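Visitor: Structure below; questions to follow.
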């Protein structure tokens with residue numbers, strides 16, 4: 001037998017042994033959950049003896065919490081900072097972030113200089129070190145889609161802890177729940193969700209940091225620096241959106257736009273209000289008044305807030321490529337997404 005044949009035989013034997021191993025079976029089962037029918041069946045019954053009953057945790061006890069959802073570089077930090085300046089609100093910045101704002105030893109001290117009016121992200125996490133035992137960094141890269149019936153006990157406890165940690169109304173600003181909104185809606189039906197979005201062309205340019213490193217003339221992903229986890233999102237979401245795998249031969253704006261549009265569809269569908277970053281920066285008082293009405297708050301509290309740090313944003317996409325270039329890619333992506341959502345025979 002040739003060396004190639006021997007290697008092939010050994011490799012096949014290894015794969016067969018691996019398939020039969022308990023370790024691989026456990027790994028596969030942990031990644032591919034199958035409990036939707038069970039969770040919907042209403043099987044739970046209280047213990048007949050009572051001693052093992054766990055006290056039921058309610059959602060805060062004060063006003064309903066507010067969840068902000070937005071993509072990276074969408075204006076979500078600006079919206080968080082606006083709520084941070086409102087009386088009666090306690091705004092938590094990106095709870096799932098790997099910097100772990102609740103851990104003084106892990107979070108560091110630096111802030112993004114493009115975040116106007118922000119000197120720290122962690123003040124609201126003071127005395128919440130107990131979150132360390134609940135936090136799971138896998139939340140930033142796995143199971144980025146969660147349906148109504150998905151189960152993550154630690155994530156639920158983590159969010160519960162933040163919601164109930166203050167007498168003020170809790171505001172949680174997320175950049176990683178775009179496709180977990182079904183789960184949030186199911187687990188927090190009393191919550192109000194605010195969706196912020198931005199022109200995808202400007203958002204793309206903002207995500208590059210240095211546009212010259214990856215120009216419009218690029219023919220593939222070569223030279224693209226993935227500052228905001230685009231590849232991570234595509235790899236994890238391909239199970240729900242299989243067309244996200246077909247991007248290798250495209251300019252990366254194609255993949256960016258696909259994820260942006262999917263996120264936008266989810267945000268509009270599940271949120272109480274959707275707000276454009278452009279509107280938020282051009283007229284923050286009027287825009288925030290609309291947001292407050294939508295979430296059941298009194299717009300009069302804006303009179304006590306300092307909004308002077310809000311400045312209009314300058315559109316930059318025309319410096320990157322012309323309208324025809326962007327439109328061609330967007331139209332290609334739109335055709336796929338439209339067929340995905342509307343092409344099912346009912």
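The values are calculated or read from the model by the stated rules, or taken from the named source; none is laboratory data. These figures come from a predicted structure and were not determined experimentally. All Cβ positions, glycine included, derive from the backbone under ideal geometry; neighbour counts span all protein chains shown.
Visitor: Determine if the stretch 167-180 includes at least one residue that is over 25 Å from residue 280 (Cα atoms) and at pLDDT below 95.
Guide: Yes, the stretch 167-180 contains a residue that is over 25 Å from residue 280 (Cα atoms) and at pLDDT below 95.
Visitor: May I ask you to list the residues in the stretch 212-224 that are touching a helix residue (DSSP H, G or I) at 6+ places or on another chain (Cβ under 9 Å) and surrounded by fewer than 13 Cβ atoms within 10 Å (Cβ to Cβ)?
Guide: 215, 220, 223, listed by residue number.
Visitor: Which of the residues belonging to the stretch 95-112 are under 27 Å from residue 263 (Cα atoms) and out of contact with any strand residue (DSSP E or B) (no Cβ under 6 Å at 6 or more places or on another chain)?
Guide: Residues satisfying the conditions are 96, 97, 98, 99, 100, 101, 111, 112.
Visitor: Look through 188, 153 and report the one residue that is touching a helix residue (DSSP H, G or I) at 6+ places or on another chain (Cβ under 8 Å) and surrounded by fewer than 23 Cβ atoms within 10 Å (Cβ to Cβ).
Guide: Residue meeting the stated conditions: 188.
Visitor: If I filter the stretch 165-208 down to residues being free of Cβ contacts under 8 Å to residues at least 40 places away in the same chain and either outside any helix (DSSP H, G or I) or touching a strand residue (DSSP E or B) at 6+ places or on another chain (Cβ under 7 Å) (or both), which single residue comes out as nearest to residue 272 (Cα to Cα)?
Guide: Across the stretch 165-208, the extreme among qualifying residues is 189.
Visitor: Scanning for something surrounded by fewer than 17 Cβ atoms within 10 Å (Cβ to Cβ), within 19 Å of the chain's Cα centre (by Cα), closer than 26 Å to residue 179 by Cβ and at pLDDT below 95, does the stretch 51-71 turn up at least one residue?
Guide: No, the stretch 51-71 has no match at all.
Visitor: Specify which of the listed residues (122, 101, 139) is crowded, with 19+ Cβ neighbours inside 10 Å, under 13 Å from residue 80 (Cβ atoms) and in contact with a helix residue (DSSP H, G or I) (Cβ under 7 Å, 6 or more places away or on another chain).
Guide: 101
Visitor: Identify all residues within the stretch 120-159 that are in contact (Cβ under 8 Å) with a residue 60 or more places away in the chain, in contact with a strand residue (DSSP E or B) (Cβ under 6 Å, 6 or more places away or on another chain) and not in a loop (DSSP other than H, G, I, E, B); write none if there are none.
Guide: 145
Visitor: Select from the stretch 66-83 the residues that are in contact with a strand residue (DSSP E or B) (Cβ under 6 Å, 6 or more places away or on another chain) and assigned to a loop (DSSP other than H, G, I, E, B) and list them in ascending order.
Guide: 70, 74, 75, listed by residue number.
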